[in-house]
Amino acid sequence: AQTVTQSQPEMSVQEAETVTLSCTYDTSENNYYLFWYKQPPSRQMILVIRQEAYKQQNATENRFSVNFQKAAKSFSLKISDSQLGDTAMYFCASLNSGGSNYKLTFGKGTLLTVNP
Amino acid sequence: SAVISQKPSRDICQRGTSLTIQCQVDSQVTMMFWYRQQPGQSLTLIATANQGSEATYESGFVIDKFPISRPNLTFSTLTVSNMSPEDSSIYLCSVVRPLNTEAFFGQGTRLTVV
């Protein structure tokens, strides 16, 4: 079974500054994917960034980057130059790609508030 | 990417009634999933909607309470039956494309049972 742990229920950051959200996971699979999703008040789940476990290079998407530490099973999200629109709930998730099991397992989420 | 249309976006229902939520995808997908997000909580998988066969339910969820239909590769429905206030949640459908292992979500249905 997979588990995903987000130890920061809430965080805040000043606009234009950098913030890092933590995530650890546990899986017995060799092939898996890790994701960060953003859920603003509109409740739409938006994919922020995705990391394949077999890739050593950390994924980046514009202001968003991850620090993927496979041995430590850690997958943190760094948001640079924070913007007011980044205020949202952020969920870390894992997905095993072995066999036909493509179910996502989510952490409990971190509520990020960007202050002006 | 995949465009997913989920209806209704919100509803307020009387206890004891049922609500059917629809999920329409703009292209054929093998895997569709239904999640529940209780207030202030994370997403919990209810079931995997299988085309041409019965849905596969997760522990704690049963077909009598959450019947699911999947008549084709672009459409699925989730019914919340005999509702109680404890069923008040956001319900989301999701699809996964195995080719690039990306998951996409509908806009969610905010259900309030009174």
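For (1) at pLDDT below 95; (2) of a type in the set (S, T, N, Q); (3) within 14 Å of the chain's Cα centre (by Cα), each residue gets a yes or a no:
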{"site": "B:PHE61", "(1), (2), (3)": "no, no, yes"}
{"site": "B:PRO67", "(1), (2), (3)": "no, no, yes"}
{"site": "B:ASN72", "(1), (2), (3)": "yes, yes, no"}
{"site": "B:SER81", "(1), (2), (3)": "no, yes, yes"}
{"site": "B:TYR91", "(1), (2), (3)": "no, no, yes"}
{"site": "B:ARG97", "(1), (2), (3)": "yes, no, no"}
{"site": "B:PHE105", "(1), (2), (3)": "yes, no, yes"}
Next on the checklist: With the requirement that a residue be open to solvent by less than 30 Å² (accessible area, probe 1.4 Å) and modelled with pLDDT under 95, what does region A:16-32 give you?
Outcome noted: A:THR27, A:TYR32
Checklist entry - How many residues, within region A:17-51, are charged (D, E, K, R) and closer than 11 Å to A:MET89 by Cα? => result 2
Item to check | region A:23-36, subset without any contact (Cβ under 8 Å) to a residue 60 or more places away in the chain and of a type in the set (Ser, Thr, Tyr), residue nearest to A:LEU111 (Cα to Cα) | outcome: A:THR24
Item to check | Filter result (open to solvent by 20 Å² or more (accessible area, probe 1.4 Å) and within 14 Å of chain A (Cβ to nearest Cβ)) within region B:91-114 | outcome: B:ARG97, B:PRO98, B:LEU99, B:ASN100, B:GLU102, B:PHE104, B:GLN107, B:ARG110, B:THR112
Next on the checklist: Filter region B:26-37 down to the residues that are at pLDDT below 95 and more than 10 Å from chain A (Cβ to nearest Cβ) and list them by number.
Outcome noted: B:ASP26, B:SER27, B:GLN28, B:VAL29, B:MET32
Next on the checklist: So, A:LYS70, is that one within 16 Å of the chain's Cα centre (by Cα), at pLDDT 95 or above, open to solvent by 70 Å² or more (accessible area, probe 1.4 Å) and of a type in the set (D, E, K, R) or not?
Outcome noted: no
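The values are calculated or read from the model by the stated rules, or taken from the named source; none is laboratory data. Keep in mind that this is a model prediction, so the values were computed, not measured. Here the Cβ is made from the backbone with ideal geometry for all residues, glycine too, and neighbour counts use every protein chain on show. Keep in mind that these areas ignore ligands, DNA and RNA; they rest on the heavy atoms of the full protein, side chains included. Shrake-Rupley method; radii C 1.70, N 1.55, O 1.52, S 1.80 Å.
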